[in-house]
1. With N set to the number of residues, divide the alpha-carbon radius of gyration of region 187-227 by 2.2 N^0.38 Å and report two decimals.
2. Report the extension gain between Leu184 and Asp232 in nm, rounded to one decimal, defined as 0.36 nm multiplied by the number of residues separating them, less their alpha carbon distance.
3. Separation between the Leu84 and Ile56 pseudo-spin-labels, each 7 Å from Cα along Cα→Cβ, expressed in nm?
4. Considering the Cα trace of region 199-255, what is its radius of gyration and what is Dmax, both in angstroms?
5. For region 71-81, in order, what is each residue's ³J(HN,Hα) by Karplus, 6.51 cos²θ - 1.76 cosθ + 1.60 with θ = phi - 60°, in whole Hz (x at glycine and Pro)?
6. Output the peptides 334-342, 49-57, 295-303 sorted from most to least packed, where packing is the average of other Cβ atoms within 10 Å over each peptide's residues.
7. For region 194-351, what D do you get in µm² per second when you plug the Kirkwood radius from alpha-carbon pairs into Stokes-Einstein at 37 °C and 0.692 mPa s?
8. Could you list Ser134, Ser249, Ser141 so that the one with the fewest beta carbons within 10 Å of its beta carbon is first and the one with the most is last?
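Taken together, the values in this text are just the output of simple stated rules run on the coordinates, not laboratory data. Bear in mind that the values here come from a model prediction, so they are computed numbers and not experimental data. No Cβ is skipped: glycine too gets one built from the backbone with ideal geometry, and neighbour counts run over all protein chains shown.
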Amino acid sequence: MSNLIDNHVPDFLLSPRFKFVRHFLLLLILACITISIFANQSGELVLTWERFYGWIFYSLITCVIIYSNLYVLAPCFLIKGQLLRYLVSVLFLILCALFLIAILQFNVQEVGVTYEEGNPYIVLNLTASMISLSLLIFGTSALLLFKYWIGYSQRIDELASSTLQSELKFLKKQINPHFLFNMLNNANVLIKKNPEEASRVLFKLEDMLRYQINDSAKEQVLLSSEIHFLNDFLNLEKVRRDKFEYVISKEGDISEEWLPPLLFIPFVENAVKHNVDSENSSYVYLGFKVWDKQLEFQCINSKPKIALQENEVGGLGLKNIKRRLELLFPERYTLEIGESEISYSVYLHLIL
């Protein structure tokens, strides 16, 4: 119910296609308010042509006041924050309206009241009219402010969304050159080492780059495609290094889950980069577990005998992925990065 209200109320207040409906409802409300002119002081209904003409005149006065406020006073003073000028203008408008109403009551016998000395009805009637007009004016002003606030909020949301998308695209562009640089270095090593094997790997690299260029431009990709991409990446690394092993485990139904592309490659790139040990065996373990619209990702890699310096750990890719997680999964992710004597580990939990 709340979603229905949130979606349709702003549309009704702002959309040009509802303009006629909005004005019709406003005029209907004003007609219902001014129709009380057909009742006399005792509450009896009086249906005469004179009363009808008086009602038309009274309705016109009320419409002029309301629309003058909506299209002149409020936009010129209230919206611009000139509150004092607005209040003075509204007071002047109400006094003009009361003057015209008083002329109506004194000159149209059926609409007016019999004035006797000491009878306070005229004063009370004018006071009531003043209060009614004030409530109408300020009520429509409040509605106008609400309309402006909705429009302003929508523009802010659109700007925030545009800024978010621009930042995400910028972050993905930062990932692309970093990834391509690593892949081309790997291909260059393979060409020198084993040209036949390099030819086979380059075909695989072509598939990876096609995914990198095409699928990474999408907002969502299948988790299975992302895992296939990581498998090709690690397979390419295994061909390049004799003592490198990797395992990718999957738990749950990964074939139906969608998520933003290239979320995991920075972690895997770091795992491979921190595994540079030509003398000893190294490994990377990747684990994916899916359940109830939640995803758990683990990346564990062996620690080289000669540890990297502290300022070599991490890098641009890891900083980018942290920022992307903040933008894409605000308050819906947990990221833990750890280190032991023999391994580095990453644990990522997402609420999809």
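1. Here the answer is 1.46, to two decimals.
2. 15.9 nm
3. 4.4
4. For region 199-255, the Cα radius of gyration and maximum Cα-Cα distance read 12.7, 37 Å.
5. After applying 6.51 cos²θ - 1.76 cosθ + 1.60, I find 10, 10, 5, 4, x, 7, 10, 5, 4, 8, x Hz.
6. Top of the packing list down: 295-303, 49-57, 334-342.
7. Rounded to a whole number, D works out at 199 µm²/s.
8. Values: Ser134 13, Ser249 10, Ser141 19.
Exposure proxy ranking, most exposed first: Ser249, Ser134, Ser141.
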